[in-house]
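See structure below.
The values are calculated or read from the model by the stated rules, or taken from the named source; none is laboratory data. Here the structure is a predicted model, which is why all the values come from computation and not from measurement. Using ideal geometry, Cβ is built from the backbone for each residue, glycine included, and neighbour counts are taken over all protein chains shown.
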Amino acid sequence: MELKRLPEWVRTAKSVSRLTGRGALFHLLDAFACYRRYGSDEVQYGEGGFYRLSRAERENTYTKQLTFKLAPLFNREENRYICRQKEEFNRFFPQYVKRPWLYCKEASAEDIQRFIAAQPRVIVKRTDSLQGQGIHELDLSKGLEAVSQALTGQKVLLERWIDQHPDLCLGTHSVNTIRVTTVRDRAGHVHMLKAVFRCGVGDAIVDNFTQGGVVYPLDMERGVIEGPGARKHSVSEGGITVHPGTDIQMVGRAIPFWTETLAMIQDAAQQLPDLRFIGWDIAITPEGPELVEGNTRPGPALLEYIGKKKGFYKEIMSYL
(Lines give C-alpha, C1' and ligand atoms only; values in the text may rest on other atoms or scores of the structure.)
Protein backbone atom coordinates (compact mmCIF):
# COMPACT_ATOMS: atom_id res chain seq x y z
CA MET A 1 0.00 0.00 0.00
CA GLU A 2 1.30 3.47 -0.90
CA LEU A 3 1.53 5.76 2.12
CA LYS A 4 0.31 8.70 0.04
CA ARG A 5 -3.07 6.92 -0.20
CA LEU A 6 -3.41 6.56 3.56
CA PRO A 7 -5.88 9.50 3.78
CA GLU A 8 -8.13 7.64 1.30
CA TRP A 9 -8.07 4.54 3.48
CA VAL A 10 -8.94 6.62 6.53
CA ARG A 11 -11.84 8.30 4.73
CA THR A 12 -13.12 4.92 3.61
CA ALA A 13 -12.93 3.55 7.16
CA LYS A 14 -14.88 6.53 8.51
CA SER A 15 -17.49 6.22 5.77
CA VAL A 16 -17.99 2.50 6.39
CA SER A 17 -18.10 3.13 10.14
CA ARG A 18 -21.11 5.41 9.66
CA LEU A 19 -22.89 2.60 7.81
CA THR A 20 -22.12 -0.19 10.26
CA GLY A 21 -21.91 1.56 13.61
CA ARG A 22 -18.54 -0.08 14.31
CA GLY A 23 -15.47 2.02 15.02
CA ALA A 24 -13.47 3.60 12.21
CA LEU A 25 -10.25 2.11 13.64
CA PHE A 26 -11.75 -1.38 13.41
CA HIS A 27 -12.59 -0.88 9.74
CA LEU A 28 -9.22 0.71 8.99
CA LEU A 29 -7.39 -2.30 10.42
CA ASP A 30 -9.81 -4.67 8.71
CA ALA A 31 -9.27 -2.89 5.38
CA PHE A 32 -5.48 -3.20 5.79
CA ALA A 33 -5.84 -6.90 6.58
CA CYS A 34 -8.05 -7.43 3.52
CA TYR A 35 -5.52 -5.70 1.33
CA ARG A 36 -2.69 -7.93 2.56
CA ARG A 37 -4.65 -11.18 2.50
CA TYR A 38 -7.08 -10.81 -0.41
CA GLY A 39 -5.77 -7.91 -2.48
CA SER A 40 -8.75 -5.57 -2.11
CA ASP A 41 -7.94 -1.86 -2.10
CA GLU A 42 -9.75 0.84 -0.12
CA VAL A 43 -12.22 1.47 -2.95
CA GLN A 44 -13.27 -2.16 -3.10
CA TYR A 45 -13.42 -2.37 0.69
CA GLY A 46 -15.91 0.51 0.85
CA GLU A 47 -17.50 1.00 -2.56
CA GLY A 48 -17.47 -2.70 -3.37
CA GLY A 49 -18.90 -3.74 -0.03
CA PHE A 50 -15.93 -5.93 0.90
CA TYR A 51 -16.46 -4.95 4.54
CA ARG A 52 -19.78 -6.85 4.49
CA LEU A 53 -18.37 -10.15 3.25
CA SER A 54 -17.67 -13.26 5.28
CA ARG A 55 -14.24 -14.84 5.20
CA ALA A 56 -15.41 -17.47 2.69
CA GLU A 57 -16.91 -14.78 0.46
CA ARG A 58 -13.74 -12.72 0.64
CA GLU A 59 -11.65 -15.68 -0.44
CA ASN A 60 -13.81 -16.10 -3.53
CA THR A 61 -13.93 -12.42 -4.53
CA TYR A 62 -12.04 -11.12 -7.55
CA THR A 63 -10.04 -8.16 -6.22
CA LYS A 64 -7.94 -5.28 -7.54
CA GLN A 65 -4.62 -7.01 -6.91
CA LEU A 66 -5.85 -10.24 -8.49
CA THR A 67 -6.30 -8.38 -11.78
CA PHE A 68 -2.50 -8.16 -11.99
CA LYS A 69 -2.16 -11.85 -11.18
CA LEU A 70 -4.76 -13.23 -13.57
CA ALA A 71 -4.10 -11.08 -16.64
CA PRO A 72 -0.70 -12.65 -17.46
CA LEU A 73 -2.02 -16.14 -16.69
CA PHE A 74 -4.82 -15.90 -19.25
CA ASN A 75 -3.57 -13.34 -21.76
CA ARG A 76 -0.27 -13.68 -23.59
CA GLU A 77 1.64 -10.42 -23.26
CA GLU A 78 2.80 -10.37 -26.89
CA ASN A 79 -0.83 -10.39 -28.08
CA ARG A 80 -2.35 -7.93 -25.64
CA TYR A 81 -1.57 -5.04 -28.01
CA ILE A 82 -4.68 -6.00 -30.02
CA CYS A 83 -6.88 -4.77 -27.19
CA ARG A 84 -4.45 -2.34 -25.58
CA GLN A 85 -4.07 -0.20 -28.71
CA LYS A 86 -7.45 1.02 -29.92
CA GLU A 87 -6.43 1.29 -33.57
CA GLU A 88 -5.22 -2.33 -33.56
CA PHE A 89 -8.54 -3.47 -32.09
CA ASN A 90 -10.45 -1.66 -34.82
CA ARG A 91 -8.22 -3.24 -37.48
CA PHE A 92 -8.65 -6.73 -36.06
CA PHE A 93 -12.46 -6.62 -35.95
CA PRO A 94 -13.57 -4.83 -39.16
CA GLN A 95 -16.77 -6.90 -39.25
CA TYR A 96 -17.77 -5.67 -35.79
CA VAL A 97 -16.31 -2.13 -35.82
CA LYS A 98 -18.49 -0.59 -38.51
CA ARG A 99 -18.11 3.11 -37.71
CA PRO A 100 -15.59 5.12 -39.78
CA TRP A 101 -12.32 5.75 -37.98
CA LEU A 102 -8.85 7.15 -38.63
CA TYR A 103 -5.53 6.78 -36.81
CA CYS A 104 -3.88 10.20 -36.92
CA LYS A 105 -0.31 8.92 -36.56
CA GLU A 106 -0.62 7.20 -39.92
CA ALA A 107 -2.57 9.93 -41.71
CA SER A 108 -1.67 13.21 -43.40
CA ALA A 109 -3.24 16.52 -42.44
CA GLU A 110 -5.27 16.34 -45.64
CA ASP A 111 -6.52 12.84 -44.76
CA ILE A 112 -7.55 14.03 -41.30
CA GLN A 113 -9.28 17.09 -42.69
CA ARG A 114 -11.26 15.01 -45.18
CA PHE A 115 -12.25 12.51 -42.50
CA ILE A 116 -13.49 15.17 -40.09
CA ALA A 117 -15.40 16.99 -42.81
CA ALA A 118 -17.23 13.78 -43.76
CA GLN A 119 -18.54 13.04 -40.22
CA PRO A 120 -21.41 14.79 -38.42
CA ARG A 121 -19.66 14.32 -35.04
CA VAL A 122 -16.21 13.02 -34.18
CA ILE A 123 -14.91 11.45 -30.97
CA VAL A 124 -11.22 11.74 -30.09
CA LYS A 125 -9.49 8.91 -28.23
CA ARG A 126 -5.90 8.53 -27.17
CA THR A 127 -5.04 5.04 -28.34
CA ASP A 128 -3.50 4.04 -25.00
CA SER A 129 -6.08 5.61 -22.68
CA LEU A 130 -7.89 3.65 -19.97
CA GLN A 131 -11.23 3.94 -18.16
CA GLY A 132 -12.58 6.59 -20.51
CA GLN A 133 -9.83 9.07 -19.69
CA GLY A 134 -9.02 11.64 -22.35
CA ILE A 135 -12.01 10.82 -24.55
CA HIS A 136 -13.77 13.92 -25.84
CA GLU A 137 -15.75 15.28 -28.75
CA LEU A 138 -13.65 17.06 -31.35
CA ASP A 139 -13.64 20.83 -30.93
CA LEU A 140 -13.43 22.71 -34.22
CA SER A 141 -13.51 26.20 -32.73
CA LYS A 142 -9.95 26.83 -34.01
CA GLY A 143 -10.91 25.84 -37.53
CA LEU A 144 -10.83 22.58 -39.43
CA GLU A 145 -7.44 23.16 -41.05
CA ALA A 146 -5.69 24.15 -37.80
CA VAL A 147 -7.17 21.20 -35.90
CA SER A 148 -6.16 18.77 -38.65
CA GLN A 149 -2.60 20.08 -38.62
CA ALA A 150 -2.41 19.75 -34.83
CA LEU A 151 -3.61 16.13 -34.93
CA THR A 152 -1.15 15.03 -37.62
CA GLY A 153 1.31 12.44 -36.29
CA GLN A 154 -0.46 12.12 -32.93
CA LYS A 155 -1.29 8.76 -31.30
CA VAL A 156 -4.93 9.64 -31.48
CA LEU A 157 -7.90 7.79 -32.91
CA LEU A 158 -10.74 9.67 -34.55
CA GLU A 159 -14.10 7.91 -34.76
CA ARG A 160 -17.51 8.83 -36.05
CA TRP A 161 -19.91 9.28 -33.14
CA ILE A 162 -21.92 6.08 -32.66
CA ASP A 163 -25.65 6.48 -33.23
CA GLN A 164 -27.12 4.33 -30.48
CA HIS A 165 -30.44 2.52 -30.50
CA PRO A 166 -33.27 4.87 -29.44
CA ASP A 167 -34.29 2.48 -26.63
CA LEU A 168 -30.93 3.17 -24.96
CA CYS A 169 -30.95 6.94 -25.32
CA LEU A 170 -31.47 8.35 -21.84
CA GLY A 171 -31.38 12.07 -22.53
CA THR A 172 -27.67 12.37 -21.77
CA HIS A 173 -24.57 12.97 -23.90
CA SER A 174 -22.92 9.56 -23.64
CA VAL A 175 -23.14 6.48 -25.82
CA ASN A 176 -24.33 3.89 -23.29
CA THR A 177 -22.65 0.51 -23.59
CA ILE A 178 -22.80 -3.10 -22.49
CA ARG A 179 -19.86 -4.76 -20.72
CA VAL A 180 -19.68 -8.55 -21.07
CA THR A 181 -16.78 -10.31 -19.35
CA THR A 182 -15.71 -13.61 -20.87
CA VAL A 183 -13.25 -16.37 -20.07
CA ARG A 184 -12.10 -18.91 -22.65
CA ASP A 185 -11.15 -22.27 -21.15
CA ARG A 186 -8.32 -24.51 -22.40
CA ALA A 187 -10.74 -26.53 -24.53
CA GLY A 188 -11.70 -23.35 -26.38
CA HIS A 189 -15.17 -22.86 -24.89
CA VAL A 190 -16.14 -19.27 -24.14
CA HIS A 191 -17.84 -18.68 -20.77
CA MET A 192 -19.72 -15.43 -20.15
CA LEU A 193 -19.25 -14.43 -16.53
CA LYS A 194 -21.39 -11.33 -16.25
CA ALA A 195 -23.07 -8.59 -18.27
CA VAL A 196 -23.82 -5.04 -17.15
CA PHE A 197 -25.30 -1.95 -18.76
CA ARG A 198 -23.37 1.29 -18.31
CA CYS A 199 -24.86 4.73 -18.84
CA GLY A 200 -23.53 8.22 -18.51
CA VAL A 201 -24.97 10.94 -16.31
CA GLY A 202 -25.42 14.63 -17.06
CA ASP A 203 -23.01 16.17 -19.56
CA ALA A 204 -20.46 13.34 -19.44
CA ILE A 205 -19.77 11.83 -22.88
CA VAL A 206 -18.45 8.56 -21.41
CA ASP A 207 -20.39 6.00 -19.40
CA ASN A 208 -17.52 4.58 -17.33
CA PHE A 209 -18.11 3.76 -13.66
CA THR A 210 -14.83 5.52 -12.83
CA GLN A 211 -16.07 8.68 -14.58
CA GLY A 212 -19.37 8.90 -12.70
CA GLY A 213 -21.53 6.62 -14.83
CA VAL A 214 -24.18 4.28 -13.46
CA VAL A 215 -23.84 0.51 -13.89
CA TYR A 216 -26.87 -1.82 -13.91
CA PRO A 217 -26.72 -5.63 -13.73
CA LEU A 218 -28.15 -7.55 -16.68
CA ASP A 219 -29.88 -10.91 -16.78
CA MET A 220 -27.52 -12.82 -19.07
CA GLU A 221 -30.22 -14.98 -20.64
CA ARG A 222 -32.84 -12.31 -21.31
CA GLY A 223 -30.75 -9.15 -21.71
CA VAL A 224 -32.91 -7.26 -19.22
CA ILE A 225 -31.79 -5.00 -16.37
CA GLU A 226 -32.45 -7.26 -13.41
CA GLY A 227 -31.87 -5.02 -10.43
CA PRO A 228 -30.73 -1.67 -9.05
CA GLY A 229 -27.56 -0.06 -10.34
CA ALA A 230 -24.74 1.80 -8.67
CA ARG A 231 -22.33 4.64 -9.31
CA LYS A 232 -19.07 5.68 -7.72
CA HIS A 233 -19.43 6.88 -4.11
CA SER A 234 -22.90 5.37 -3.82
CA VAL A 235 -22.39 1.62 -4.19
CA SER A 236 -22.72 0.88 -0.50
CA GLU A 237 -25.66 3.22 0.07
CA GLY A 238 -28.36 1.27 -1.74
CA GLY A 239 -29.32 0.67 -5.35
CA ILE A 240 -30.28 3.14 -8.07
CA THR A 241 -33.47 2.09 -9.83
CA VAL A 242 -34.13 5.41 -11.60
CA HIS A 243 -31.51 6.94 -13.88
CA PRO A 244 -30.09 10.07 -12.17
CA GLY A 245 -31.24 13.32 -13.74
CA THR A 246 -33.75 11.82 -16.17
CA ASP A 247 -36.18 9.93 -13.88
CA ILE A 248 -36.23 6.98 -16.28
CA GLN A 249 -37.09 3.67 -14.60
CA MET A 250 -34.25 1.28 -15.44
CA VAL A 251 -35.12 -2.04 -13.77
CA GLY A 252 -36.83 -4.28 -16.30
CA ARG A 253 -35.51 -2.32 -19.29
CA ALA A 254 -34.55 -4.62 -22.20
CA ILE A 255 -31.43 -4.38 -24.33
CA PRO A 256 -32.21 -4.53 -28.07
CA PHE A 257 -30.47 -7.16 -30.24
CA TRP A 258 -29.46 -9.20 -27.19
CA THR A 259 -29.22 -12.54 -29.02
CA GLU A 260 -27.07 -10.91 -31.70
CA THR A 261 -24.88 -9.30 -29.04
CA LEU A 262 -24.10 -12.60 -27.35
CA ALA A 263 -23.38 -14.25 -30.70
CA MET A 264 -20.99 -11.44 -31.63
CA ILE A 265 -19.10 -11.75 -28.34
CA GLN A 266 -18.82 -15.53 -28.70
CA ASP A 267 -17.34 -15.14 -32.16
CA ALA A 268 -15.01 -12.29 -31.21
CA ALA A 269 -13.67 -14.21 -28.21
CA GLN A 270 -12.99 -17.25 -30.40
CA GLN A 271 -10.91 -15.10 -32.72
CA LEU A 272 -8.46 -14.26 -29.91
CA PRO A 273 -7.34 -17.68 -28.60
CA ASP A 274 -4.31 -16.21 -26.82
CA LEU A 275 -6.40 -13.56 -25.03
CA ARG A 276 -8.69 -15.66 -22.86
CA PHE A 277 -9.95 -13.21 -20.22
CA ILE A 278 -11.57 -10.11 -21.73
CA GLY A 279 -14.05 -7.43 -20.80
CA TRP A 280 -15.91 -6.51 -24.00
CA ASP A 281 -17.58 -3.12 -24.45
CA ILE A 282 -20.47 -3.09 -26.92
CA ALA A 283 -22.67 -0.33 -28.30
CA ILE A 284 -26.14 -1.07 -29.63
CA THR A 285 -27.00 0.84 -32.80
CA PRO A 286 -30.34 0.87 -34.67
CA GLU A 287 -28.82 -1.79 -36.95
CA GLY A 288 -27.42 -4.04 -34.21
CA PRO A 289 -24.47 -4.48 -31.84
CA GLU A 290 -21.04 -3.00 -32.50
CA LEU A 291 -17.76 -3.56 -30.67
CA VAL A 292 -16.25 -0.54 -28.94
CA GLU A 293 -13.18 -2.12 -27.33
CA GLY A 294 -11.81 -5.08 -25.41
CA ASN A 295 -10.06 -4.98 -22.03
CA THR A 296 -7.45 -7.60 -21.16
CA ARG A 297 -7.36 -6.70 -17.47
CA PRO A 298 -11.01 -6.42 -16.48
CA GLY A 299 -11.32 -4.74 -13.10
CA PRO A 300 -13.39 -6.02 -10.18
CA ALA A 301 -15.94 -3.21 -10.11
CA LEU A 302 -18.11 -4.44 -12.99
CA LEU A 303 -17.91 -8.04 -11.76
CA GLU A 304 -18.11 -7.80 -8.00
CA TYR A 305 -19.71 -4.51 -6.95
CA ILE A 306 -23.28 -4.90 -8.19
CA GLY A 307 -25.89 -7.47 -9.10
CA LYS A 308 -26.97 -10.78 -7.61
CA LYS A 309 -24.07 -12.88 -8.83
CA LYS A 310 -20.74 -12.15 -7.17
CA GLY A 311 -17.68 -14.10 -6.08
CA PHE A 312 -15.95 -14.87 -9.38
CA TYR A 313 -12.38 -15.70 -8.40
CA LYS A 314 -12.69 -19.50 -8.09
CA GLU A 315 -14.82 -19.72 -11.22
CA ILE A 316 -12.26 -17.76 -13.24
CA MET A 317 -9.41 -19.91 -11.94
CA SER A 318 -11.32 -23.10 -12.80
CA TYR A 319 -10.94 -22.24 -16.49
CA LEU A 320 -7.17 -21.80 -16.27
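Here are some notes:
- Tabulated pairs, the stretch 304-315, first closer than 16 Å to Met220 by Cα, second in a loop (DSSP other than H, G, I, E, B) and of a type in the set (Lys, Arg), C-beta under 6 angstrom, 6+ apart or interchain: Glu304/Lys310
- For the stretch 97-134, the set of residues classified as of a type in the set (Phe, Trp, Tyr) and touching a helix residue (DSSP H, G or I) at 6+ places or on another chain (Cβ under 6 Å) consists of Trp101, Tyr103, listed by residue number.
- Residues that are over 14 Å from Val97 (Cβ atoms), under 18 Å from the mean Cα position of the chain (by Cα) and part of a strand (DSSP E or B) within the stretch 240-283 comprise Leu275, Phe277, Ile278, Gly279, listed in sequence order.
- Within the stretch 2-29, tally of residues that are in a helix (DSSP H, G or I) and either under 19 Å from Pro300 (Cα atoms) or not charged (D, E, K, R) (or both): 19
- Considering (1) over 16 Å from Glu304 (Cβ atoms); (2) in contact with a Ser or Thr (Cβ under 8 Å, 6 or more places away or on another chain); (3) of a type in the set (D, E, K, R), the lone condition that Lys64 does not fulfil carries the number (1).
- Sole residue being part of a loop (DSSP other than H, G, I, E, B) and in contact (Cβ under 8 Å) with a residue 60 or more places away in the chain, chosen from Leu170, Leu73: Leu170
- Residue in the stretch 182-189 that is among the hydroxyl-bearing types (Ser, Thr, Tyr), in contact with a Pro (Cβ under 8 Å, 6 or more places away or on another chain) and under 13 Å from Leu303 (Cβ atoms) present: no
- Between Cys34, Cys83, the distinction of being hydrophobic (A, V, I, L, M, F, W, C), surrounded by 14 or more Cβ atoms within 10 Å (Cβ to Cβ) and more than 30 Å from Ala268 (Cβ to Cβ) belongs to Cys34 only.
- In the condition set (1) under 23 Å from Leu320 (Cβ atoms); (2) modelled with pLDDT under 95, Thr61 is compliant with all but (2).
- Answer residue from the stretch 145-173, given it is within 17 Å of Pro256 (Cβ to Cβ) and not β-branched (Val, Ile, Thr) and is surrounded by the fewest Cβ atoms within 10 Å (Cβ to Cβ) among those: Pro166
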